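Notes follow once the structure below has been shown.
FYI, it's all coordinate maths here, none of it is from the lab. Quick caveat, the model's predicted, so the values are computed rather than measured. With ideal geometry, Cβ positions are generated from the backbone for all residues, glycine too; neighbour counts draw on all protein chains shown.
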Amino acid sequence: MFTANARAVFGPEGPFKPTAIERRDLKPHDVLIEIKYAGICHSDIHTARGEWGPVQYPLVPGHEIAGIVAQVGSEVTKYAVGDRVGVGCMVDSCGECRHCQNGEEQYCLNGMTGTYGAIDRYGQYTQGGYSSHIVVTEEFVVRIPDGIGLDVAAPLLCAGITTYSPLRHWGAAPGKKVAVVGLGGLGHMAVKLAHAMGAEVTVLSQTLSKKEDGLRLGADRYYATSDPETFKKLAGSFDLIVNTVRAAIDMSAYLSLLALDGTLVNVGAPAEPLSVNVFSLIGHRRSFAGSMIGGIRETQEMLDFCAEHRIAPEIELISADRIDEAWERVLASDVRYRFVIDISTLGNV
């Protein structure tokens, strides 16, 4: 076993404490990664606080991981020591079901293995990226292009792929009108990506407080949803709406903004159920859909796309002793637009 330094929560209320965790010895196809940076995702908070189900503590969150290959197993062919690599929200899947065979491991019919808070095929509880090292099978490691810094690469492994996947799947492209609901960690990436894909991009945010940012990031238009006139003015406008917010919103009102055959896709995950008036759908052959992350192949495609188009998230780099503060700021929407932990500041336990 390999001992890694980490920051863990020992209960739903925190706080984070320094700890040591054990990483498995390398299997033939495993890669040992020295983690350099780890992004903070709102999902980390939901999971650690038990809002999405029971949690086994201590828990080391983190599924936006960027680092350097430190060691490889005897049969690894894809990576070598010194390579720049990343790990996202999953570290394994069955590899045999039709979804895995089609490169959609995130929808594994037997259940993909989450980067933290899951039980892996060896019966071990997975621990995430708020740590100095991680061991992952090479099939779930992606290569970070040289044109992307490791610090800004980290959030791409969740926020980037979570927004890239639905934009690609539902055809964001020149001639398409795309709306992004919310300008946060996910939303700001959706704006950048949709703009780079050539779509006409509109931000729908509760207020106009981030309008200047939205236009700078690539939006063509920006509207406040707190203004009732917004929904009247934009009715029937969009081919695709990507909802990135985690709060419960009036879905029927947003569905009314779709054009004929338009789709509203949810990537945010509110804790409470959402209600939809079915007449919002059937009247204009509209669709209400959901999307998770992408598969490994699509995640690599996303990284290469970001390198080609010089797309990177807006980040605030923090030291490991500021994670609790950062979490509270995430909950208060006080970050523009993604926190990233400098793992070199973990220190030794």
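Okay, here's what the table says:
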{"item": "Quotient of Cα Rg and 2.2 N^0.38 Å for the chain, N being how many residues it contains", "result": "0.98"}
{"item": "Under-5 Å amide H pairs with ALA259, H placed in peptide plane, nonlocal only", "result": "SER237, PHE238, ASP239"}
{"item": "Only Lys, Arg (+1) and Asp, Glu (-1) charged, at Cβ; the chain dipole about Cα centre in debye", "result": "680"}
{"item": "Within-14-Å neighbourhood charge of ILE144 [Cβ basis; K, R +1; D, E -1]", "result": "-4"}
{"item": "Selected from ILE119, TYR223, ALA153, residue furthest toward positive end of dipole (the chain; charges at beta carbon)", "result": "TYR223"}
{"item": "Furthest towards positive pole of dipole, THR137, ALA199, PRO58, structure part the chain, Cβ charges", "result": "ALA199"}
{"item": "Lysine-lysine proximity count for the chain, Cα under 24 Å, sequence distance 8 or more or distinct chains", "result": "20"}
{"item": "Size of electric dipole in the stretch 160-290: Cβ of Lys, Arg +1 and of Asp, Glu -1, about Cα centre, debye, nearest 20", "result": "200"}
{"item": "Net charge of neighbours whose Cβ lies under 11 Å from the Cβ of GLY86, counting Lys and Arg as +1 and Asp and Glu as -1", "result": "+1"}
{"item": "Qualifying GluC sites (Glu not before Pro) in the stretch 49-114, DSSP loop, other Cβ atoms within 10 Å at most 13", "result": "GLU51, GLU75, GLU96"}
{"item": "The stretch 128-182 and the stretch 212-273: distance between their alpha carbon centers, rounded to Å", "result": "22"}
